[in-house]
Amino acid sequence: MPTSFVRTLRRLAARPSTQIGLVACAACAAYSNTLRAPFVFDDTINIEKNAVVRSLANFLSLDRLIDAASFSANLKYATATRAVAYLTFALNYAWGGLEVTGYHVANLAIHVVNAALVYGLARAIANAPAVTGAADPDVASERGALLRTWAPVVSALL
């Protein structure tokens with residue numbers, strides 16, 4: 001292979017957008033066979049038999065969220081401890097009812113976004129002067145460049 005081609009590949013592989021794309025592709029590949037899997041474990045209680053997630057009004061009404069006396073036990077739990085999860089369940093139900101694919105795609109998207117956040121955090125930590133051992137960016141770029149480039153990717157993949 002020509003050395004210019006190899007250098008171009010290395011530069012492309014070192015780009016954050018390419019690395020995050022790699023992490024997203026790995027997640028999609030790992031979970032692609034689960035998109036049509038049925039609900040399991042606590043999905044029956046939290047999604048299938050849960051009246052709270054069957055109406056977005058439970059999450060969109062500020063009066064209902066503020067007035068704890070009007071809450072059912074399930075809605076209290078939903079808004080107090082798992083508000084984001086139950087809101088995504090309600091959005092999924094509004095979009096496609098109990099069709100499992102939507103729930104699995106939303107779950108995959110949440111995991112990819114979180115992996116990207118882990119990547120960003122690991123990248124920031126790996127490039128911090130306290131970690132690189134140099135306040136000067138030119139000196140830091142020479143020390144552990146390979147580690148600083150790929151440690152965030154490995155962290156996000158995990």
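What are the residues in the range 9-34 that are closer than 18 Å to Val105 by Cα, in contact (Cβ under 8 Å) with a residue 12 or more places away in the chain, open to solvent by less than 50 Å² (accessible area, probe 1.4 Å) and not β-branched (Val, Ile, Thr), if any?
Matches in the range 9-34: Ala24, Ala26, Ala27.
Go through the range 83-102 and give me each residue that's open to solvent by 60 Å² or more (accessible area, probe 1.4 Å), modelled with pLDDT of 90 or more and touching a Phe, Trp or Tyr at 6+ places or on another chain (Cβ under 6 Å).
Residues satisfying the conditions do not exist here.
So which of Ala51, Ala69, Ala80 ends up being within 22 Å of the chain's Cα centre (by Cα) and either of a type in the set (Gly, Ala, Ser) or modelled with pLDDT of 80 or more (or both)?
Details: Ala51 fails: within 22 Å of the chain's Cα centre (by Cα); Ala69 fails: within 22 Å of the chain's Cα centre (by Cα).
So the residue among Ala51, Ala69, Ala80 that is within 22 Å of the chain's Cα centre (by Cα) and either of a type in the set (Gly, Ala, Ser) or modelled with pLDDT of 80 or more (or both) is Ala80.
The values are calculated or read from the model by the stated rules, or taken from the named source; none is laboratory data. Predicted model only: the values in this text are computed from it and were never measured. Note that we place each Cβ from the backbone using ideal geometry, even for glycine, and neighbour counts take in every protein chain shown. Side chains included, ligands, DNA and RNA excluded: accessible areas come from the protein's heavy atoms. Shrake-Rupley method; radii C 1.70, N 1.55, O 1.52, S 1.80 Å.
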